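Rule-based calculations on the coordinates, nothing more; no lab input. Everything numeric here is computed off the predicted structure, so don't read it as measured data. Note that each Cβ is placed from the backbone with ideal geometry, even for glycine, and that neighbours are counted across all protein chains shown.
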There are 4 protein chains.
Amino acid sequence: MKKTIDLNSDIGEGFGPWKIGDGVDAEIMPLINSANIATGFHAGDPNIMARMVELAGKHGVSIGAHPGFRDLLGFGRRHINASTNELVNDFIYQMGALREFTRLNNTVLRHVKPHGALYMHAAQSEPLSRALANAIQRTDPSLYLYCMAQSVTYRVACEMGLNVVREFYGDRDYDSSGSIVFTRHVGPLDPQAVAAKVLQACQQGTVQTVDGHTIAIEFDSVCIHSDTPGALALIQTTRNALLSQGIALAAHVT
Amino acid sequence: MKKTIDLNSDIGEGFGPWKIGDGVDAEIMPLINSANIATGFHAGDPNIMARMVELAGKHGVSIGAHPGFRDLLGFGRRHINASTNELVNDFIYQMGALREFTRLNNTVLRHVKPHGALYMHAAQSEPLSRALANAIQRTDPSLYLYCMAQSVTYRVACEMGLNVVREFYGDRDYDSSGSIVFTRHVGPLDPQAVAAKVLQACQQGTVQTVDGHTIAIEFDSVCIHSDTPGALALIQTTRNALLSQGIALAAHVT
Amino acid sequence: MKKTIDLNSDIGEGFGPWKIGDGVDAEIMPLINSANIATGFHAGDPNIMARMVELAGKHGVSIGAHPGFRDLLGFGRRHINASTNELVNDFIYQMGALREFTRLNNTVLRHVKPHGALYMHAAQSEPLSRALANAIQRTDPSLYLYCMAQSVTYRVACEMGLNVVREFYGDRDYDSSGSIVFTRHVGPLDPQAVAAKVLQACQQGTVQTVDGHTIAIEFDSVCIHSDTPGALALIQTTRNALLSQGIALAAHVT
Amino acid sequence: MKKTIDLNSDIGEGFGPWKIGDGVDAEIMPLINSANIATGFHAGDPNIMARMVELAGKHGVSIGAHPGFRDLLGFGRRHINASTNELVNDFIYQMGALREFTRLNNTVLRHVKPHGALYMHAAQSEPLSRALANAIQRTDPSLYLYCMAQSVTYRVACEMGLNVVREFYGDRDYDSSGSIVFTRHVGPLDPQAVAAKVLQACQQGTVQTVDGHTIAIEFDSVCIHSDTPGALALIQTTRNALLSQGIALAAHVT
């Protein structure tokens, strides 16, 4: 049973004048411990990144980069058959873009978490996971890489001695392999159900799968996406449920 | 009369499978002292940036960021009526993207030079010059800012105590104000004429203007663009002319 | 006093997974007579265009193209210093892209209305207005061009014998020249105030200016933007106010 | 043995200021019978499209649209896991954009040929081939669809009663299935070898495969890409070889 947990969210995923989900990033920021800020390829833009980094700094939220496939229209949820080398270069480009805003604000880039189809691709690809881990070690070995316990990324990162944070997804379904069921569209969820699912994971270390089993799950952080409809209520309710059960909230990376 | 001069070039300005000018960046790199590497908004992409940073490191060339307007189709040569705040955020984003590739290669980002219409806009705008200089001071006060002696950018940067490098353009025309004549298209130039123009600037401190005058010009570095047709010959000929006159070539920033 | 008026709206201005304003295009469509559908440069994408054209066909709404500057991030509200020739080519490209969806749905492209900064630029530029009108005459002389009565576009289009629709803006402020006050951001408006303004324009042919005058205004159509916050209420309230005063709603172009 | 053949080329594949291959589209145009003009998603832009359509009209070249994946950086050669519906909407958008330039020039859109990874994806996917054929039938049943004889696209298009043109590729390798070997990068080729390969195909109806077999090949048109290095020499040499053997050159579609 966990005494403390890190609540993270993918955030800053608007673009230009547009909003995703409910457009409540500013309300979500004070409620989370770690922010994975979109870096412009699947979502986000320099103006949003500037605001998010400033806001994270103000609320003491740990700042992470959230790089994705170069696919605004598809929100980074469509796999692109790019070479590993291309994906690593995209990753470095985006990570650096966000890091520069932390320099501007006298804060620090703490972690990185690939987005959407890139995250899922890395989860199954040893060459990509290895290449991303290598890029992190060469650019900044102090960075933490967010990933799933049941992923090639986690195994490879551990082997290579990288700092790793394993995630549990409060707003995604799990299959019996312990991997999330990837989807391009997520509908509204019940805040109480999400909170209960997270509590069970934190207290019992288990999750129900889509095919009705209960499996053990290991994680260091809980993710609730900011673009899920009703995200603010999901995060608030989950946060309150954790606190009411005596589970403290704190960034894994400090 | 100069004993040493810095030869700089805007470089890495292809995009994806396309090339600009003669596509001879790899040949140009060993001949210059400072590389202003395009950062993806007006030209360049993460793959090209990776190659250029690696190549610059290999040849001991000083690495600079060359951020531009977000306008691939117009190659950053069309003014966009963006707010100063938007332009600063674009500037930071691009600067950081390039800096991360220097981290990857264990080299260092030394300077920054805005591109095309952004450079010309800053040259005339005190608010923009001030905002860019401020962004540099907040992110990395050791950076040098490339600009023209006859520009608001230079005046403001000096007032603010920024490191500055003044440029002379070997492949652009000058008007009688000492400013370059901005153009969206540059045709082929005579290498001997360009070399002679640079030599005159270095030895006599003067340049002929488009309206037939000879004016004094102050500078710390000579720029020849990589996208000018025949750029390689322009740079080689100019380089040889300088060396044959006993003018050494060395990066201004080290 | 008008017996019949055309209610038009700029619509389909989401992009990929993102929404603009309240994202209620599907609710707005049945309430309007003419839809100016975004064509992908400032907003909109092929998937949204497909849905909007189908929806307009289903509700008997007159279909127009709404081309803008190539500037997604700035939503086409930032002037780009492109040549007239470039802007005409962008205009043709976008108009054709939308027209093809009308071919797919066995409907017809009836009109065209430039968006945002392009609309305002044309309103003041004789060369651009003339070039756009010329492009319309060469591609489809039956098209109607939406513009403001107080604009160079209107004068030029009339001189050239083009079909024209003059717009009144229910959700924009007017200056004493009879031109709208262009803005990059529009806040929430009072539906009753907008409806009253439109009614006054339809019944008395006048509008209040930002500096307190009442001026005469000529128009053939009333525009309320879909991206104005609360757009659905603005359109419903205005529509009801017009109908309750015996003013019928019908597309100008049929 | 063929008496007449259609020589087609993918053309207009520059972007903004950049060129692909040798940038000799204007020289290639008079030498071919059918031009597949890039439509802006993988390459090409409205200015290039305007020039290419005008040039094709001037030289009596049959005009076709060459739509690709939305992936400028990857030149449409990287598969994107988009839905069939998204790909059809992209296809319609691009086809219409090009068609509008034919309206402007009083010429006609005659054919369409998907580009790169989209072409190869359709070649293997019945749902996509069926959806694209359906889109053609709904927008313009007189259009011809270019494809390979050994492809699902050809089979499906024939079943659906579409006009079809089967291509032989002078500048690509064949495998023993009669399909081309898809590649992201094509190196320089020997003009005599390409001409001989095309002559053999036209006179004997056969081609050598990469694994050393000679197989029968059926086709109505010969394609040589404009972005292959040395494309102009490849096309000129092939054209001369065909003419010298008494094989006339004429567009398949008129």
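General observations
- Between the alpha-carbon centres of segment C:158-213 and segment A:111-150 there is a gap of 53 Å.
- Using the Cβ-Cβ distance between B:R138 and D:V24 with R0 = 41 Å, the FRET efficiency computed as 1/(1 + (r/R0)^6) comes to roughly 0.30.
- Nearest beta-carbon to the A/D symmetry axis - residue in chain A, distance in Å: A:I80, 3
- Whole-Å distance, taken between Cα centres, linking segment C:9-83 and segment D:90-110: 21
- Between C:T254 and B:Q204, the simple label model (points 7 Å from Cα in the Cβ direction) yields a spacing of 7.8 nm.
- Ordering B:L162, B:A26, B:A233 by Cα displacement along the dipole of chain B toward the positive end leaves B:L162 in first place; charges were set at the Cβ atoms of Lys, Arg (+1) and Asp, Glu (-1).
- Considering only B:A43, B:A65, B:A149, the mean-square fluctuation computed in a Gaussian network model of chain B, springs between alpha carbons under 10 angstrom, is largest for B:A149.
- Using the Cβ-Cβ distance between C:D173 and B:S244 with R0 set to 51 Å, the FRET efficiency from 1/(1 + (r/R0)^6) comes to roughly 0.15.
- Candidates D:V198, D:V88, D:V165: whichever shows maximal mean-square fluctuation once chain D is modelled as a Gaussian network with Cα springs under 10 Å: D:V88
- Placing +1 on each Lys and Arg Cβ and -1 on each Asp and Glu Cβ, with no other charges, gives segment D:4-249 a dipole about its Cα centre of roughly 340 debye.
- DSSP bridge pairs, the protein assembly as shown: antiparallel proportion in percent, nearest 5: 20
- Proximal charge balance of C:T107 [Cβ under 12 Å; K/R count +1, D/E count -1]: +3
- Net charge over other residues, Cβ less than 12 angstrom from the Cβ of D:N89 (K, R count +1; D, E count -1): -3
- Cβ-based exposure ranking for B:F91, C:F75, in which fewest neighbours within 10 Å come first: C:F75, B:F91
- D:E159 paired with D:H213, simple spin-label distance in nm, labels 7 Å along Cα-to-beta-carbon: 2.4
- Charged-residue dipole, Cβ positions (Lys, Arg, Asp, Glu), the protein assembly as shown about Cα centre, Debye nearest 20: 0
- About the Cα centre, charge dipole magnitude for segment A:64-150 (Lys/Arg +1, Asp/Glu -1 at Cβ), debye: 160
- Within straight-line cross-link reach of A:K197, lysines at Cα separation under 21 Å, skipping those fewer than 8 residues along the same chain: A:K2, A:K3
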